[in-house]
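*Asks:* Encoded as structure tokens, here's the structure I'll be asking about.
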Amino acid sequence: MPPRGNGTITFDTFHPQPLPLEYRESARRKPMRVFKLRSNVVEKQSLASLMPASTSKPAKKQIDRRRRRHPRYRADFRVTVNHLLGNGYQKLEGHCRDLSEAGIGVLLAAELNAGEVAGLGFLLPGSAAAWEVRAVVRYRRGYHYGFEFLSLTVEQQKALESYFKGLEPID
């Protein structure tokens, strides 16, 4: 393996893969050995002699990359999915598992790809009007699909807000 950076490569006797010195910290009792490559000669130096003692830094706070823009709420109703298949539309029956201001999670026994646009039809519980919206597939795991609404009317947005009142978010 070619030397990295200043030509220093560390070898850990327990791990055969060499790692750069600046990325390794050893919690073992026995100090690691550092080998400096100079042509065909290999010199050994103790890790303690190369690195001065310093205070430990606190770990950086991890960023939660899965944080959502809108909270999801548990939902339970039937959804009809219409998507383009070949020269015509295919109508599929699915089941809503969760709902948010921006999208809907649907259990669907079908093969849709991320990025496909579909028409969704459903009756929101407590609502008399049937919903017909366009949505794009953003997520798929097994039979669970995540659809993002493409356009909701002001009345639909208000109906969603009133539906979510009193419900507990699931994440």
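*Asks:* Please count how many residues of segment 131-164 are touching a residue at least 12 places away in the same chain (Cβ under 8 Å) and charged (D, E, K, R).
*Replies:* Total meeting the criteria: 6.
*Asks:* Additional query: Assuming Ile170 fulfils every condition listed in (1) within 25 Å of the chain's Cα centre (by Cα); (2) surrounded by 17 or more Cβ atoms within 10 Å (Cβ to Cβ); (3) touching a residue at least 40 places away in the same chain (Cβ under 8 Å) apart from one, which condition is it?
*Replies:* Tallying (1) within 25 Å of the chain's Cα centre (by Cα); (2) surrounded by 17 or more Cβ atoms within 10 Å (Cβ to Cβ); (3) touching a residue at least 40 places away in the same chain (Cβ under 8 Å), Ile170 fails exactly one: (2).
*Asks:* Restricting segment 97-137 to residues that are of a type in the set (Asp, Glu) and either in a loop (DSSP other than H, G, I, E, B) or in contact with a Cys (Cβ under 8 Å, 6 or more places away or on another chain) (or both), which is nearest to Leu167 (Cα to Cα)?
*Replies:* Out of the qualifying residues, it is Glu101.
*Asks:* Considering only residues that are part of a helix (DSSP H, G or I) and in contact with a strand residue (DSSP E or B) (Cβ under 8 Å, 6 or more places away or on another chain), which ones fall in segment 138-160?
*Replies:* Once the filter is applied, which keeps residues that are part of a helix (DSSP H, G or I) and in contact with a strand residue (DSSP E or B) (Cβ under 8 Å, 6 or more places away or on another chain), segment 138-160 yields Gln156, Leu160.
*Asks:* Report whether or not Val133 is within 19 Å of the chain's Cα centre (by Cα) and farther than 14 Å from Leu92 by Cα.
*Replies:* no
Each row is one residue, and each column tells you yes or no for (1) in contact with a Phe, Trp or Tyr (Cβ under 6 Å, 6 or more places away or on another chain); (2) closer than 14 Å to Phe147 by Cα.
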| site | (1), (2) |
| --- | --- |
| Cys96 | yes, yes |
| Gly105 | no, yes |
| Ala114 | no, yes |
| Gly119 | no, yes |
| Phe122 | yes, yes |
| Ser127 | no, no |
| Trp131 | yes, no |
| Ala135 | yes, yes |
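*Asks:* Determine if segment 100-123 includes at least one residue that is more than 14 Å from Ala75 (Cβ to Cβ), under 19 Å from the mean Cα position of the chain (by Cα), at pLDDT 95 or above and not acidic (Asp, Glu).
*Replies:* No: zero hits.
The values are calculated or read from the model by the stated rules, or taken from the named source; none is laboratory data. Computed from a predicted structure; not experimentally measured. Because the Cβ atoms are built from the backbone with ideal geometry, glycine has one as well, and the counts that use them run over all protein chains shown.
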